1. Return the pairs, sorted by first residue and then second, in which the second residue is in a helix (DSSP H, G or I) and of a type in the set (Asp, Glu), the first residue lies in the stretch 99-119 and is more than 21 Å from Leu72 (Cα to Cα) and open to solvent by 10 Å² or more (accessible area, probe 1.4 Å), the beta carbons are less than 8 Å apart, and the residues are 6+ apart or on different chains.
2. With respect to Val95, is the statement that it is β-branched (Val, Ile, Thr), out of contact with any Cys (no Cβ under 6 Å at 6 or more places or on another chain), open to solvent by 30 Å² or more (accessible area, probe 1.4 Å) and over 20 Å from Lys16 (Cα atoms) true?
3. The conditions are (1) within 24 Å of Ala97 (Cα to Cα); (2) open to solvent by 90 Å² or more (accessible area, probe 1.4 Å), and Glu65 fails exactly one of them. Which is it?
4. If you scan the stretch 1-45, which residues turn out to be β-branched (Val, Ile, Thr) and open to solvent by 80 Å² or more (accessible area, probe 1.4 Å)?
5. In the stretch 46-62, which residues are surrounded by fewer than 16 Cβ atoms within 10 Å (Cβ to Cβ) and of a type in the set (Phe, Trp, Tyr)?
6. Give the number of residues within the stretch 167-186 that are open to solvent by 100 Å² or more (accessible area, probe 1.4 Å) and either closer than 19 Å to Cys99 by Cα or modelled with pLDDT under 95 (or both).
Amino acid sequence: VTAKGKDGKTKAYALKCLAKTGVVENGLQDHVLNEKEIMEELNHPFILSFHCAMQDSRNIYFLLEVLQGGELFKFLRAENQFPESWSRFYAASVVLAFCQIHARKIAYRDLKPENLVMDSDGYLKVVDFGLAKRVENGKLWTLCGTPDYLAPEVILNEGHDKAVDYWALGVLMYELVSGSPPFYAD
């Protein structure tokens, strides 16, 4: 999608389209609203930029930044594993994004190479806030995320907070340098 920006210049945007019937049929109304509210709140160079939400009679739309560099997952599979210096750079980008996310008392809960997308300059951005949740007081109890990246407290249903993101970061770092997650099994 292209539109004129605030400066009057034409700019490209990505448009995420969610069918209202699918959202309602799957009981995801609160889920979609939560994702929108969290994305509206975040503003960081290593987090996908959210511009606005719109709707018509059939769909809900999120107007987002265009990321043309591709998923980190795709590049990791092509390289098999990254040199340690690349892995440190990508992990540092995630840590800086987490600083912004966690400062707002939000647990991301879905870190994996598929949710790290590069911009046209090769910098990583954290995307997909569908599992993100605000942690006001106490713990969260939802079993969610990618199995290879789940922290023990999530698996054991002991309740969790934003610390699970750092467990997932450790798993990500291992996968980037070795080519597979540390706990992978058929």
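The values are calculated or read from the model by the stated rules, or taken from the named source; none is laboratory data. As the structure is a computational prediction, the values presented were derived from the model and not from experiment. Cβ: placed from backbone, ideal geometry, glycine included. Neighbour counts: every protein chain shown. Each accessible area value is taken on the protein alone, full model and side chains, heavy atoms only, with ligands, DNA and RNA left out. Shrake-Rupley method; radii C 1.70, N 1.55, O 1.52, S 1.80 Å.
1. His102/Asp165; Arg104/Glu41
2. Working: β-branched (Val, Ile, Thr): yes; out of contact with any Cys (no Cβ under 6 Å at 6 or more places or on another chain): yes; open to solvent by 30 Å² or more (accessible area, probe 1.4 Å): yes; over 20 Å from Lys16 (Cα atoms): yes.
Criteria met by Val95.
3. Result: Glu65 fails condition (2) only.
4. Residues satisfying the conditions are Val1, Thr2, Thr10, Thr21, Val24.
5. Answer for the stretch 46-62, where residues must be surrounded by fewer than 16 Cβ atoms within 10 Å (Cβ to Cβ) and of a type in the set (Phe, Trp, Tyr): just Tyr61.
6. Residues in the stretch 167-186 being open to solvent by 100 Å² or more (accessible area, probe 1.4 Å) and either closer than 19 Å to Cys99 by Cα or modelled with pLDDT under 95 (or both): 3 in total.
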